[in-house]
Amino acid sequence: MKPLNIGMVGYGFMGRTHSNGYSQANHFFDLEYKPVLKAVCARNKDKAQAFADQWGYESVETDWRELLKRDDIDAIDICTPNNLHKEIAIAAAEAGKMVLCEKPLSMDTAEGEEMVAAVEKAGVANMVWYNYRRVPAVTLAKQLIDEGRLGRIFHYRANFLQDWTISEDVPQGGEATWRLDAEAAGSGVTGDLLAHCIDTALWLNGDITDVSAMTETFIKQRTHSETGETQEVKIDDACAFHCHFKNGSLGLFESTRYARGHKALYTLEINGEHASIRWDLHDLHRLEYFDHRDDSIVRGWRSVHISDGDQPYMGNWWVPGLNIGYEHTFIHQVADFLKSLETGEPIEPSFRSALETQKVCDAVLASAAERQWKDV
Ligand SMILES: NC(=O)c1ccc[n+]([C@@H]2O[C@H](COP(=O)([O-])OP(=O)(O)OC[C@H]3O[C@@H](n4cnc5c(N)ncnc54)[C@H](O)[C@@H]3O)[C@@H](O)[C@H]2O)c1
């Protein structure tokens, strides 16, 4: 097997999902390349060392620039808050490293364009971790749409609902709550949650041409977790937009962190001329499907349990009837990335594809700010 030496920056939530992906991919997929956990980088050496010990990384760095200088690193995996993606990605590409970057690609389109230019100029393999494409049920939805089973698409609807910032006591900024600080996150739910919905939508239903959006910041001031100062909240707590797709269908998207009772409720529904599909992250191993062409006496919504070897990725897992979960989306993405190195067929989403999501996010935020329709 050919080793692929990984240098990962950041060891938080995504650092764990990716490390698990690197560790598991070769156990379940036949691949020429095998990731080697060479180094993890974070500012706190003790914490980084503890992470390295737990996950099996060979070494630790405390400055990502040092990681880029190392000849024994092939790929840089960026698992840091959004405001660091651009600087690390561009420097990594210039150092000739492959770049795997967490979503959203960047803080905005302008940054994203620089990042695309850098990886394309360097000619390095690149990808963005929009992992929901690799939930088998969502991959199956793509297959059904591409086979024409839905016919002409009329509606695309997606929500991503959470409830963790309702209390005004939740601080902003710092290690645990950087998502509430516009300086670190770029935007609120638009870049954090709707970016996932938009990436899946562009993949399943094609380009979005124009958008009309509204955003709200329900809690206007919060205490900064590091300085203790009370500061204005500059992120969008909630965002809803409607849009036109290039294929003539209409889109409706909503995201909030103020939907009491919902933790990570990503749902999508697509209505076509012949059939509709519906998917829900809380029940991620099921795809609901309604086909009007069924005999009328048995016609109805089917809840398809995605566990059969014929369904995407499932032939690599257990036996029919047994499900897999959230962490497997990252294992699939690692496996697909390694396969792309083997075949030379670029992995999706690339930086260039992820830039399209960034353009929609920018149009959504501009539309909300100016209370006007915006072209993407
Ligand atoms: N694909 C997904 O579903 C998904 C889910 C969650 C987060 N994300 C994305 O992943 C990224 C990280 O999010 P997270 O939830 O893992 O955050 P996190 O807060 O859990 O982890 C962030 C890590 O970055 C490290 N870090 C911060 N500044 C650093 C620096 N200067 N040098 C080195 N390390 C530094 C922190 O120490 C921490 O280990 C974000 O871009 C986020 O949008 C994606």
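Evaluating K121 against the criteria (1) more than 16 Å from the ligand (Cβ to nearest atom); (2) crowded, with 20+ Cβ neighbours inside 10 Å leaves one unmet condition, (2).
Table: residues versus (1) of a type in the set (A, V, I, L, M); (2) more than 25 Å from G344 (Cβ to Cβ).
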{"residue": "E58", "(1), (2)": "no, yes"}
{"residue": "V99", "(1), (2)": "yes, no"}
{"residue": "M107", "(1), (2)": "yes, yes"}
{"residue": "M115", "(1), (2)": "yes, no"}
{"residue": "E120", "(1), (2)": "no, no"}
{"residue": "G123", "(1), (2)": "no, no"}
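When the test is whether a residue is more than 18 Å from the chain's Cα centre (by Cα) and closer than 23 Å to R278 by Cβ, L250 passes it. For region 116-149, name all the residues that are under 12 Å from A89 (Cα atoms) and of a type in the set (V, I, T). Answer for region 116-149, where residues must be under 12 Å from A89 (Cα atoms) and of a type in the set (V, I, T): V116, V119, V124, V128.
Might you let me know whether region 60-70 holds any residue that is aromatic (F, W, Y), at pLDDT 95 or above and under 25 Å from E342 (Cα atoms)? No, every residue in region 60-70 fails to be aromatic (F, W, Y), at pLDDT 95 or above and under 25 Å from E342 (Cα atoms).
Just one residue in the set E327, E288 is within 16 Å of the ligand (Cβ to nearest atom) and either in the same structural domain as H155 (by TED's automatic domain parsing) or not β-branched (V, I, T) (or both); that residue is E327. Listed by first and then second residue, the pairs with beta-carbon distance under 7 Å, at least 6 apart or on different chains, first residue in region 336-360 and over 30 Å from V211 (Cβ atoms), second part of a helix (DSSP H, G or I), are L338/A25.
Being assigned by TED's automatic domain parsing to the domain that holds E175, within 30 Å of E147 (Cα to Cα) and outside any strand (DSSP E or B): is that true of G261 here? Spelling it out, it is not the case that G261 is assigned by TED's automatic domain parsing to the domain that holds E175, within 30 Å of E147 (Cα to Cα) and outside any strand (DSSP E or B).
Here K103 meets the list (1) assigned to a strand (DSSP E or B); (2) within 11 Å of the ligand (Cβ to nearest atom) almost entirely, failing just condition (1).
Return yes when M127 is under 20 Å from the mean Cα position of the chain (by Cα), assigned by TED's automatic domain parsing to the domain that holds G21, hydrophobic (A, V, I, L, M, F, W, C) and part of a strand (DSSP E or B) and no when it is not. Yes. Taking region 132-241 and the strands (runs of 3 or more DSSP E) fully enclosed by it, the elements with 1 or more residues that are touching a residue at least 12 places away in the same chain (Cβ under 8 Å), in contact with a helix residue (DSSP H, G or I) (Cβ under 8 Å, 6 or more places away or on another chain) and within 14 Å of the ligand (Cβ to nearest atom) are at 153-161. Assess whether D308 counts as being acidic (D, E), touching a Pro at 6+ places or on another chain (Cβ under 9 Å) and free of Cβ contacts under 8 Å to residues at least 60 places away in the same chain. Criteria met by D308.
The values are calculated or read from the model by the stated rules, or taken from the named source; none is laboratory data. Everything quoted here is computed from the prediction, not taken from an experiment. Cβ atoms come from the backbone with ideal geometry, glycine included; neighbour counts cover every protein chain shown.
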